[in-house]
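Peer 1: The structure under discussion is supplied below as structure tokens; questions concerning it will follow.
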Amino acid sequence: MTVARRTVLAGALGAGLGSLLGGCSADGTSSVSVPAQTAGRPDGTVTSHARPVGTGAVATNPPDRRAPLSRRAIRARYDGARPTRWGTDIPGVTTMVRAAGPVAALTFDACGGPGGDGYDAALVDLLRAEQVPATLFLNRRWVRANPGAFADLSSDPLFDIANHGTRHVPLSVDGRAAYRIAGTRGPGEVYDEVMGNALDLGRRLGRRITLMRPGTAHYDDVAVSIVHDLGMVPVGFDVNGDAGATFTPRQVQAALRTVRPGSIVIAHLNHPGHGTAAGMALALPRLRRDGYRFVHVADHLV
């Protein structure tokens with residue numbers, strides 16, 4: 001089914017977009033002993049979150065409510081571990097929500113730093129006007145650059161705040177890169193990337209953060225295990241909604257035609273003036289006519 005959906009999307013958007021998605025996809029099964037980097041923008045802006053063919057994994061357990069392991073404990077457990085899988089959809093990463101009937105989860109990343117510190121107020125206004133709940137994956141740099149917007153979003157129950165990392169980098173234990181952004185090196189750096197922002201968000205919100213999506217949405221399997229040991233759910237996606245905010249409105253609309261029950265849609269809220277808000281305005285009415293309702297990821301993990 002995944003292959004069919006990608007074929008439909010490529011047909012809808014044309015051969016040029018198909019090349020873009022194919023060129024930025026990850027193998028998802030290759031060993032990290034093979035040196036490889038995925039093409040992308042040198043300034044760190046994600047050009048595509050192309051989803052490899054995978055399992056469409058749905059989390060079957062809620063986040064671990066025990067205290068997360070310390071940095072020292074993570075290093076003791078994982079130093080020397082060698083990853084065997086890499087990508088955006090590997091075992092242990094939640095790419096769909098559990099749902100009965102036409103349910104989907106909209107998620108929006110705010111990357112910060114070279115990935116963009118902007119705030120798409122038009123997109124947020126649309127979600128509020130349509131009363132569409134969304135899960136917002138916020139990077140620490142974006143939060144610090146947008147304190148007013150963060151306070152506004154985090155006080156609105158329509159939005160659930162989640163972790164998009166401290167430096168917006170892929171999660172690996174050997175520095176593997178995605179979109180020319182070097183990943184974390186070693187279990188200690190994975191801990192820092194995850195927990196630096198998780199603890200900061202927790203202090204700001206007065207609650208524990210339970211969902212994690214790294215910069216570029218790429219993980220290796222060791223890093224996935226570390227995220228679980230830190231009491232969080234690693235979140236991926238099923239539908240690439242805006243390709244790092246590079247899609248036109250019509251391309252966003254076409255991408256959201258591939259939504260199926262349980263889909264997690266990834267898009268971005270840090271690039272105002274791009275096609276995301278206008279594309280969502282085109283896509284949401286049809287999804288509503290098709291009977292879809294929208295949920296927070298955290299509410300549909302089991």
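The values are calculated or read from the model by the stated rules, or taken from the named source; none is laboratory data. Quick caveat: nothing in here was measured; it's all calculated off a predicted structure. Heads up, the Cβs are rebuilt from the backbone with ideal geometry, glycines too, and the neighbour counts pull from every protein chain shown.
Peer 1: Output the qualifying pairs, or none if there are none: Cβ atoms under 6 angstrom, residues six or more apart or on different chains, first residue in segment 171-192 and on the phi > 0 side of the Ramachandran plot and in contact (Cβ under 8 Å) with a residue 24 or more places away in the chain, second residue surrounded by fewer than 24 Cβ atoms within 10 Å (Cβ to Cβ) and hydroxyl-bearing (Ser, Thr, Tyr).
Peer 2: Tyr179/Thr38
Peer 1: May I ask you to say which residue of Asp89, Asp109 is closer than 18 Å to Ile264 by Cα and in contact with a His (Cβ under 6 Å, 6 or more places away or on another chain)?
Peer 2: Only one candidate qualifies: Asp109.
Peer 1: Does any residue of segment 198-210 turn out to be closer than 19 Å to Pro114 by Cα and within 17 Å of the chain's Cα centre (by Cα)? Working first, answer last.
Peer 2: Filtering segment 198-210 for residues closer than 19 Å to Pro114 by Cα gives none.
Looking for residues that are closer than 19 Å to Pro114 by Cα and within 17 Å of the chain's Cα centre (by Cα), one finds none in segment 198-210, hence no.
Peer 1: Here is a follow-up. So, Ala245, is that one within 15 Å of Ala162 (Cβ to Cβ) and surrounded by 23 or more Cβ atoms within 10 Å (Cβ to Cβ) or not?
Peer 2: Against the criterion (within 15 Å of Ala162 (Cβ to Cβ) and surrounded by 23 or more Cβ atoms within 10 Å (Cβ to Cβ)), Ala245 does not qualify.
Peer 1: Right, another one. Go through (1) aliphatic (A, V, I, L, M); (2) part of a loop (DSSP other than H, G, I, E, B); (3) surrounded by fewer than 24 Cβ atoms within 10 Å (Cβ to Cβ) for Ala129 and report which single condition fails.
Peer 2: (2)
Peer 1: Oh, and also: Do you know which of the residues in segment 140-152 that are surrounded by 22 or more Cβ atoms within 10 Å (Cβ to Cβ) and not basic (Lys, Arg) is farthest from Gly118 (Cα to Cα)?
Peer 2: Checked segment 140-152; the qualifying residue farthest from Gly118 (Cα to Cα) is Val143.
Peer 1: What are the pairs with Cβ atoms under 7 angstrom where one residue, in segment 261-289, is at positive phi and the other, located anywhere, is in a strand (DSSP E or B)? Sequence gap at least six, or different chains.
Peer 2: Partner pairs satisfying both residue conditions: Gly262/Val58; Gly262/Met96; Gly262/Val103.
Peer 1: Could we say that Ala134 is small (Gly, Ala, Ser) and either farther than 14 Å from His268 by Cβ or surrounded by fewer than 18 Cβ atoms within 10 Å (Cβ to Cβ) (or both) here?
Peer 2: Judged against the criteria, Ala134 is not a match.
Peer 1: Here are some residues: Pro285, Pro272. Which one is modelled with pLDDT of 95 or more, loosely packed, with under 15 Cβ neighbours inside 10 Å and not charged (D, E, K, R)?
Peer 2: Step by step, each of Pro285, Pro272 is checked, and only Pro285 is modelled with pLDDT of 95 or more, loosely packed, with under 15 Cβ neighbours inside 10 Å and not charged (D, E, K, R).
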